[in-house]
Each structure stands twice: as C-alpha cells, then as structure tokens.
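Here is the structure we will look at, set down as structure tokens.
The values are calculated or read from the model by the stated rules, or taken from the named source; none is laboratory data. Bear in mind the structure is a predicted one, so any value in this text is a computation, not a measurement. Here Cβ is always computed from backbone atoms with ideal geometry, including for glycine, and neighbour counts include all displayed protein chains. Ligands, DNA and RNA are excluded from the accessible area calculation, which covers all protein heavy atoms including side chains. Shrake-Rupley method; radii C 1.70, N 1.55, O 1.52, S 1.80 Å.
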Amino acid sequence: MIRSFFDSIRDMIPIIVVIAFFQIIVLQQPFPNPGQILFGLLAVVLGLTLFVQGLNLSLFPVGEGLAEAFAKRGSVFWLILFAFALGFGTTVAEPALIAVSAEAAKVTAAAHLIESSPQAQDSYANGLRYTVAISVGLALVVGVVRIIKGWPVHWVIIGGYLIIVTLTQFAPQEIIGVAYDSGGVTTSTITVPLVTALGIGLSTVIKGRNPMIDGFGLIAFASLFPIGFVLVYGMVM
C-alpha cells in the first residue's frame, strides 16, 4: 500500500510540473487557494492509490477467474453471454459515458434537433447510452470469438474502420463528433480493467493461445464498435 502511494506520487509529478510551469513561469501568477490545491492533490494521489489497489485485489482477479471458469466449462454459449453482459453492464455504469450522453443531449436540444424538454433530453441521452452499451457488449462477443478462433486482430480492426469511414459519409454532421468521442469514453475506469482481465484470462486457458498476442485487443474493439453504432443511431434518430 505504501509503495503504491509513492508510485502514485511519481505518476502525478509530470502533471504537477507542467501545471506549475505554466502557472508560475508563463502566466507569472500565484496559485489561487494553495491550501485547497494541496489538499486536492493529496486526495487525488490517495484516490489513485486506492483505485489501483482495488484493481489488483478485486477486478483483475475476478475478471480473469470468471473467464477461466467459463472457458474450462467448454460452453461457448455461456462464455459469449458472459462477455456481452460484462461489456453492457460495465459500459452502462461508466461515469464518462453518462456525462458525455447528457452533454450530447443538451447540445442536440440547443441545435433544435430534439425537443428542449427534460424528458426529451433524458430520452435521447439514455438512448445514446444504451446504444453504446449494446455495442460494447457485441464488441466483446466478437473479441471472444476472435480469441477462440484465432483470428488476427488487425484484420478485424481494419474491417471495422472501413465500415466506420463509410458510415461517416452518410451520418448527420451533428452526430459524428459524438460518435467518435463515444469510442473513447467507453474505455475508462470501470470497463478497461474487466475487459483486459477477460481477454488475458481467456487466452491463458485456451490451448494454443498466447496471452500477450491474443489476450489484448478487446479494448480496441470496445472503442471501435461504439463509433459505428452511434453513427447509425444518429441516422435513425
């Protein structure tokens, strides 16, 4: 725990140096409320330390253990169902996606593309949020099948982006930026650890698979699929 705390401090030093340089050297202004800022930095370091510890103690072992258990049972159906449920559940709970969906609804209402009522904005935000969640669930299904079949990851990625480039030509301009951002916000604090653990755990158990080669790549799918689904969502809505 103490080592993780000092590791968090080390990781924060570059950010602190950059902010201090521009505040003191470039802008030549003192920090407002230095006591509050120091307290906030301490809270960030402590939170980061606890978060990393939580990943190592719970999310990574649980994700790898579930993937190994389903693989050993030899049931492809339950493994695929687990992958979809994992992708859907973690994405729905992703704070970054909730925030982006709410902002997208506000901007869409301001552009008079939907009604400006709270009900219409909530409906649009929830529709966007669940569209992304379903897409991540399907992305993990494709990723699991890829690990089982041994498909090269780059061919799936290239094919996916070709589809996205095509969809971008037909999607409304207002949804394109939201779609591309949706691919980024899905791979955040909750989703990444469990998705990574799923890929590594599965490739460790399946004979002939290399965790380094086959265990990674699921996060790329989780970033890729939401872009295409949100573009379609924009065309339908």
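Note: relative contact order over segment 68-218, using C-alpha pairs below 8 Å and six or more positions apart, is 33 percent. Of the residues V142, V18, V165, the one that moves most in a GNM of the chain with alpha-carbon contacts below 10 Å is V18. Calculated from the alpha-carbon coordinates, segment 41-86 shows an Rg and a Dmax of 15.3, 48 Å respectively.
Grab the DSSP H runs of the chain that are 4 residues or longer, score each as -39,500 (n - 2.57), total them, divide by all residues and round the 222 nm result to the nearest 500 deg cm²/dmol. Don't skip to the end; give the middle numbers.
On the way: 11 runs with 188 residues, N = 237.
So the helix-based figure for the chain works out to -26500 deg cm²/dmol.
For segment 88-237, the C-alpha radius of gyration sits at 1.10 times the compact-globule guess of 2.2 N^0.38 Å, with N the residue count. Share of segment 1-149's accessible area from carbon and sulfur, percent, 1.4 Å? Within segment 1-149, the accessible surface is 71 percent carbon and sulfur. The solvent-accessible area of M212, taken with every protein chain present and a 1.4 Å probe, is close to 140 Å².
Annotation for F31 and K149: the two label points, set 7 Å from Cα along the Cα-Cβ direction, are 5.3 nm apart. In this calculation the C-beta distance from L57 to L81 is compared with R0 = 35 Å, giving a FRET efficiency of 0.85. For the pair M237 and V17 in one chain, pulling the backbone fully straight at 0.36 nm per residue adds 74.7 nm over the alpha carbon distance. When the chain is treated as a GNM with alpha-carbon contacts under 10 Å, the residue of G150, G65, G40 showing the greatest mean-square fluctuation is G40.
Comparing P172, P14, P118 in a Gaussian network model of the chain, where Cα atoms under 10 Å apart are tied by springs, the biggest mean-square fluctuation is seen for P14. P(r) tail, segment 74-159: Cα-Cα pairs separated by more than 20 Å, 49% of all pairs. The distance separating the Cα centre of segment 64-127 from that of segment 1-46 comes to 33 Å.
Per residue, segment 144-195 exposes 52 Å² of accessible surface when a 1.4 Å probe is rolled over the protein heavy atoms with every protein chain present. Rolling a 1.4 angstrom probe over the protein heavy atoms with all chains in place gives segment 70-142 an accessible area of 50 Å² per residue. Listed by chain and number, the lysines whose alpha-carbon sits under 25 Å from that of K149, ignoring those within fewer than 8 places in the same chain, are K72, K207.
Given 25 °C and 0.890 mPa s, compute D for segment 170-237 with the Stokes-Einstein relation, Rh being the Kirkwood radius over Cα pairs; round to the nearest whole µm²/s. Calculated translational D: 186 µm²/s.
I'd like the per residue volume of the convex hull spanned by the Cα atoms of segment 1-110, given in cubic angstrom.
On the way: hull volume 18.5 nm³, N = 110.
Expressed per residue, the convex hull around the Cα atoms of segment 1-110 is 168 Å³.
Net length available on complete extension from Y161 to V107 is 16.8 nm, with 0.36 nm assigned per residue and the Cα-Cα distance removed.
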